[in-house]
Amino acid sequence: VLVHHPYDSFFTFEQFLRSAVRDPKVLAIKMTLYRVGSKPPVVDLLLEAADRGKQVAVLVELKARFEERQNIEWATRLEDAGVHVVYGVMKLKTHCKVCLVIRKGSNAIERYAHLSTGNYNHGTASVYTDFGLFSSDPRLMADLSELFNVLTGYSNQVSYREIAVAPVTLRRRLQQLLRR
């Protein structure tokens, strides 16, 4: 499902995350944070997820110009709540916006994701034009799982099936996925 902000409400993503946080079958939530704002519901939801016993892993990019201090404060608050926080990757500015939800299904593990061209920031989502993609495509989910393994230091993988590290290539790949 493709959403186009600000024409489609950012509430769609917030509801996706809120549902994941409150679903007892959700095992883990993994997310990248770049610019979330001064009172981010996203951070509150991640804190609630950790409080509910879910595994939460978050990459907080510290090179978000003019928001470095704020991002450090959110990262510290998340870490204090038991969230696995990664403070960026050395020599890499992580500008991707990805949320991956891992859920125990009736027969297997299910994965759902949201990828976005915009930040997980309710305020800017109502001003800037961005796209968000909700997906459960197995090949894309495999790539995103591996991406989070790289971002959290558990893998050195450099190639993927459905995504590419370069933003232009990722944008092109998202367009190809939408045509399917």
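Computed quantities for the displayed model
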| read-out | value |
| --- | --- |
| Residues of the range 35-58 that turn out to be in contact (Cβ under 8 Å) with a residue 60 or more places away in the chain and of a type in the set (K, R), as a count | 1 |
| Residues of the range 104-152 satisfying the condition of being at pLDDT 90 or above and in a loop (DSSP other than H, G, I, E, B) | G105, S106, N107, A108, S136, D137 |
| So E73, is it acidic (D, E), free of Cβ contacts under 8 Å to residues at least 60 places away in the same chain and open to solvent by 60 Å² or more (accessible area, probe 1.4 Å) | yes |
| So T94, is it of a type in the set (S, T, N, Q), at pLDDT below 95 and under 22 Å from D143 (Cβ atoms) | yes |
| Hits in the range 14-34 (condition: among the polar types (S, T, N, Q) and either in contact (Cβ under 8 Å) with a residue 40 or more places away in the chain or open to solvent by less than 10 Å² (accessible area, probe 1.4 Å) (or both)) | T32 |
| Options G153, G123: the member that is over 12 Å from the mean Cα position of the chain (by Cα), within 20 Å of G88 (Cα to Cα), small (G, A, S) and open to solvent by 30 Å² or more (accessible area, probe 1.4 Å) | G153 |
| Yes/no for V1 being surrounded by fewer than 21 Cβ atoms within 10 Å (Cβ to Cβ), at pLDDT 95 or above and farther than 11 Å from W74 by Cα | no |
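One line per residue, one yes/no per condition, for (1) in contact with a helix residue (DSSP H, G or I) (Cβ under 8 Å, 6 or more places away or on another chain); (2) not aliphatic (A, V, I, L, M):
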residue: A108; (1), (2): no, no
residue: H114; (1), (2): yes, yes
residue: T117; (1), (2): yes, yes
residue: G123; (1), (2): no, yes
residue: D137; (1), (2): yes, yes
residue: A142; (1), (2): no, no
residue: S145; (1), (2): no, yes
residue: G153; (1), (2): no, yes
residue: Q157; (1), (2): yes, yes
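The values are calculated or read from the model by the stated rules, or taken from the named source; none is laboratory data. If you're wondering where the values come from, they're calculated on a predicted model, not measured in any experiment. Here Cβ is always computed from backbone atoms with ideal geometry, including for glycine, and neighbour counts include all displayed protein chains. Accessible surface areas use protein heavy atoms only, side chains included; no ligands, DNA or RNA. Shrake-Rupley method; radii C 1.70, N 1.55, O 1.52, S 1.80 Å.
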